[in-house]
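Q: Structure in structure tokens, see below.
The values are calculated or read from the model by the stated rules, or taken from the named source; none is laboratory data. What you see is a predicted model, and the numbers here were worked out from it, not measured in a lab. Reconstructed Cβ throughout: ideal geometry from the backbone, glycine too, with neighbour counts over all protein chains shown. The protein model used for the area step is the full one, side chains on, heavy atoms only, and it has no ligands, DNA or RNA in it. Shrake-Rupley method; radii C 1.70, N 1.55, O 1.52, S 1.80 Å.
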Amino acid sequence: MTIVGERIIVLGGGVIGLSCALALASRGHDVSILEKGSCGGQASGAAAGMLAPFSENPEYPDGFFRLCLDSLRRYPRWQAEVKRLSGMDFEYTESGSLYAVYHEADLSALSARLSWQRPFGTEADIVEGSRLEQLEPQMQQARAAVYCPEESHVHAPDYVRALKAACCTVGVEIREQLQELALADWTAGVRVQDSAGQSYEADRIVLCTGAWSGSWSELFGFPIPVYPIRGQICAYSAEQAELRHILFTSQGYMVSKANGMLVCGASEDIAGFATSVTDKGIHRLEALSKRTLPFLKERQPTLKWAGLRPATQDGYPLLGSSPEHPRVIFACGHYRNGILLSPATAAVVADIVDGRKPELELDAFRPDRFR
Ligand SMILES: Cc1cc2nc3c(=O)[nH]c(=O)nc-3n(C[C@H](O)[C@H](O)[C@H](O)COP(=O)(O)OP(=O)(O)OC[C@H]3O[C@@H](n4cnc5c(N)ncnc54)[C@H](O)[C@@H]3O)c2cc1C
């Protein structure tokens with residue numbers, strides 16, 4: 001049964017909160033986003049924007065891979081709808097990707113990966129020699145690569161800005177700079193209080209609080225092991241895109257944006273909630289990019305930044321409610337894939353609110369699974 005018109009608070013205005021708000025308001029709900037800082041001001045605005053379920057899941061086809069793939073396949077329609085509603089353009093490039101290896105011994109791992117990924121409809125293939133050189137002439141010669149034509153990327157900061165504008169178009173109320181927000185009630189109804197003492201009431205709340213989501217553990221009485229993993233990135237400037245594909249190696253990735261920025265990422269370090277960059281982190285990325293792309297040898301990165309990925313203990317996001325707190329929906333812990341997972345997460349959350357069974361099996365993502 002569809003219950004049109006529930007009042008819903010979305011806590012957190014990153015890519016996940018904005019996407020959930022957009023889907024919920026588009027289905028007729030009355031949605032408010034409460035953001036303690038600025039929408040897109042944390043991980044979502046720092047991301048490289050790759051939509052790469054095959055390259056990010058090289059081991060086996062679990063529920064997480066299926067969720068990632070489902071989300072990738074929603075992107076063509078989803079991004080077109082975000083552009084239409086926002087009236088804003090943002091880069092969505094169906095570039096394909098190359099996952100390069102440099103040693104003969106790595107070839108069997110590539111073949112194993114293709115043998116389980118192909119039944120999911122990918123046209124990925126192993127390329128080597130002149131075919132590889134033709135695909136990406138600027139790359140240091142690798143032994144071979146998996147070429148995956150379906151993987152794509154967006155310009156994450158522009159995508160998030162467009163999501164925010166699309167939310168405004170469909171009537172989402174957005175409140176930013178609210179500082180600390182306390183969840184005062186979530187039993188009979190939901191009540192949130194900001195630091196100025198103002199209350200916000202709703203029928204349900206969706207927690208999209210990214211790397212800060214671990215703090216809900218005490219309130220709900222079960223462990224929520226979400227913690228920040230800092231990702232540092234550096235970027236080189238150019239007049240136009242210099243790479244044709246997203247390039248992955250075992251040490252990191254490189255991707256050219258339409259505005260000419262060539263992004264190389266990313267570190268994975270534990271630094272609490274610090275979003276500073278370090279010499280060590282950036283030097284490693286510089287060394288990787290110059291080794292992989294010899295044309296960068298004499299150039300220096302022009303931009304460096306960092307963001308906090310919301311990691312979980314098992315690497316899977318938290319999606320859904322716990323039986324004791326049905327008014328609280330978790331949508332957090334998307335770690336390295338929140339940009340990719342934004343359309344699928346939005347669909348899952350909107351289905352839960354509407355009382356529809358989500359199309360995908362969500363058991364592995366239960367928010368209370370760490371009890
Ligand atoms: C360097 C880097 C590169 C990445 N590259 C990619 C990539 O290529 N592809 C990909 O798919 N993903 C990538 N990611 C991961 C992706 O950025 C994240 O998974 C995604 O942004 C998470 O979105 P989110 O909305 O959950 O979190 P965030 O964007 O961090 O948003 C959470 C929001 O909640 C707010 N908040 C927190 N607590 C509260 C509270 N109590 N009340 C109100 N508001 C609150 C915060 O201020 C913040 O704005 C990358 C991440 C990093 C750091």
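Let's see how each residue does on (1) among the hydroxyl-bearing types (S, T, Y); (2) closer than 30 Å to E201 by Cα:
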| site | (1), (2) |
| --- | --- |
| S86 | yes, yes |
| L110 | no, no |
| S130 | yes, no |
| E136 | no, no |
| Y147 | yes, no |
| D158 | no, no |
| L178 | no, yes |
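Q: Mind listing whichever residues of the range 19-71 are open to solvent by less than 30 Å² (accessible area, probe 1.4 Å), more than 10 Å from the ligand (Cβ to nearest atom) and in contact with a Pro (Cβ under 9 Å, 6 or more places away or on another chain)?
A: Passing the criteria: A23, F64, F65, L67, L69.
Q: If you check T278, T292, T312, T302, which single one turns out to be within 30 Å of D70 (Cβ to Cβ) and touching a strand residue (DSSP E or B) at 6+ places or on another chain (Cβ under 8 Å)?
A: Numbers: T278 fails: within 30 Å of D70 (Cβ to Cβ); T292 fails: within 30 Å of D70 (Cβ to Cβ); T302 fails: within 30 Å of D70 (Cβ to Cβ).
Being within 30 Å of D70 (Cβ to Cβ) and touching a strand residue (DSSP E or B) at 6+ places or on another chain (Cβ under 8 Å) holds for just one of T278, T292, T312, T302, which is T312.
Q: Considering (1) within 29 Å of D368 (Cβ to Cβ); (2) more than 13 Å from the ligand (Cβ to nearest atom); (3) out of contact with any Phe, Trp or Tyr (no Cβ under 8 Å at 6 or more places or on another chain), say which one R131 fails and leave the rest.
A: That leaves (1) as the condition not met.
Q: I'd like to know if the range 275-282 contains one or more residues that are of a type in the set (D, E, K, R) and away from the ligand (no atom under 15 Å from the Cβ).
A: Yes, the range 275-282 contains a residue that is of a type in the set (D, E, K, R) and away from the ligand (no atom under 15 Å from the Cβ).
Q: Please return the ranges of strands (runs of 3 or more DSSP E) entirely within the range 79-191 where 3 or more residues are closer than 23 Å to L24 by Cα. Outline the logic, then answer.
A: On the way: elements: 97-101, 125-127, 144-148, 152-154, 173-175, 181-185.
Where strands (runs of 3 or more DSSP E) fall fully within the range 79-191 and carry at least 3 residues being closer than 23 Å to L24 by Cα, they are 173-175, 181-185.
Q: Still on this structure: Only one residue in L110, L51, L98, L69 is farther than 23 Å from D314 by Cα and either small (G, A, S) or in contact (Cβ under 8 Å) with a residue 40 or more places away in the chain (or both), so which one is that? First the steps, then the outcome.
A: Values: L110 fails: either small (G, A, S) or in contact (Cβ under 8 Å) with a residue 40 or more places away in the chain (or both); L51 fails: farther than 23 Å from D314 by Cα; L69 fails: farther than 23 Å from D314 by Cα.
The unique qualifying residue is L98.
Q: Same structure, new question: How many residues does the range 226-237 hold that are buried (at least 18 other Cβ atoms within 10 Å of the Cβ) and away from the ligand (no atom under 15 Å from the Cβ)?
A: Narrowing the range 226-237 to residues buried (at least 18 other Cβ atoms within 10 Å of the Cβ): 226-236.
Going one step further and asking which of them are away from the ligand (no atom under 15 Å from the Cβ), we end up with 236.
Residues flagged as buried (at least 18 other Cβ atoms within 10 Å of the Cβ) and away from the ligand (no atom under 15 Å from the Cβ) within the range 226-237 amount to 1.
Q: Give the residues of the range 190-215 that are modelled with pLDDT under 95 and either open to solvent by less than 30 Å² (accessible area, probe 1.4 Å) or β-branched (V, I, T) (or both), sorted by residue number.
A: Listed by number, the list holds a single entry, D194.
Q: Pairs, please: C-beta under 7 Å, at least 6 apart or cross-chain, first residue under 14 Å from F64 (Cα atoms) and open to solvent by less than 40 Å² (accessible area, probe 1.4 Å) and in the range 351-362, second of a type outside the set (F, W, Y) and not in a loop (DSSP other than H, G, I, E, B)?
A: So the pair list comes out as L362/L319; L362/G320; L362/V348.
Q: While we're on this one: Just name the residue that is nearest to the ligand (Cβ to nearest atom) out of those in the range 322-371 that are within 20 Å of P157 (Cα to Cα) and β-branched (V, I, T).
A: My answer is I339.
Q: Another question about this same structure. Collect the residues in the range 113-128 that are over 14 Å from N57 (Cβ atoms), under 27 Å from the mean Cα position of the chain (by Cα) and touching a residue at least 24 places away in the same chain (Cβ under 8 Å), keeping them in residue-number order.
A: The one that is over 14 Å from N57 (Cβ atoms), under 27 Å from the mean Cα position of the chain (by Cα) and touching a residue at least 24 places away in the same chain (Cβ under 8 Å): E123.
Q: Let me ask you something else. Just wondering, is there one or more residues in the range 79-88 that are in contact with a Phe, Trp or Tyr (Cβ under 7 Å, 6 or more places away or on another chain) and of a type outside the set (D, E, K, R)?
A: Yes, because at least one residue in the range 79-88 is in contact with a Phe, Trp or Tyr (Cβ under 7 Å, 6 or more places away or on another chain) and of a type outside the set (D, E, K, R).
Q: Another one. May I ask you to list the residues in the range 162-189 that are open to solvent by less than 20 Å² (accessible area, probe 1.4 Å) and under 22 Å from the mean Cα position of the chain (by Cα)?
A: If the condition is that a residue be open to solvent by less than 20 Å² (accessible area, probe 1.4 Å) and under 22 Å from the mean Cα position of the chain (by Cα), then A162, L163, A166, C167, V172 are the ones that fit.
Q: For the range 1-59, give me each residue that is over 17 Å from the mean Cα position of the chain (by Cα) and under 23 Å from E150 (Cβ atoms).
A: P58, E59
Q: Within the range 119-161, how many residues turn out to be under 30 Å from K36 (Cβ atoms), buried (at least 22 other Cβ atoms within 10 Å of the Cβ) and touching a helix residue (DSSP H, G or I) at 6+ places or on another chain (Cβ under 9 Å)?
A: Final tally of qualifying residues: 4.
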